[in-house]
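Here the structure comes first, spelled out in structure tokens, and everything after it is commentary.
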Amino acid sequence: MQRRPRQRNKKHLAFVTGRPCLICRTTYGIQAHHIKMADGRIGKPQSSGIGMKADDRYTLPLCWQHHEQLHATGERKFWGCFHVDACLLALCLFSVTGDEQEGDRLIDTASYALQALRA
């Protein structure tokens, strides 16, 4: 069975990299992390293979430090440590592409929830 081509969306990637880091809220060095792990609740397959990326709709903003930490730790462990429902949050962000105020509100809500869990 052949895998369908990755769905790209340059407008959404620019939107994601214009948001603050989900973890530390910095606006410096933001990268769009493509979520590779599968999520059966939404029918997202795992993106596997070297150089394989998920569709652009499955991206979240991370500063370069947290992006590197994620890759060193592994996705499930990283998102689990921060109690982030990564795939669902990525889809929410995708649904508001272009609306900077709503995108920032989604990131703010998730970031505040992270801070509350750490306290």
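The values are calculated or read from the model by the stated rules, or taken from the named source; none is laboratory data. Computed from a prediction, not measured in an experiment: that's the story for all the values here. Here Cβ is always computed from backbone atoms with ideal geometry, including for glycine, and neighbour counts include all displayed protein chains.
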Item checked: Search result, residues across region 72-91 that are among the hydrophobic types (A, V, I, L, M, F, W, C), out of contact with any Ser or Thr (no Cβ under 9 Å at 6 or more places or on another chain) and either within 16 Å of residue 106 (Cα to Cα) or assigned to a loop (DSSP other than H, G, I, E, B) (or both) -> 82, 84, 86, 87, 88, 89, 91
Check: Restricting attention to region 23-58, and to residues there that are β-branched (Val, Ile, Thr) and closer than 17 Å to residue 107 by Cβ, which single residue is modelled with the lowest pLDDT?
Finding: 35
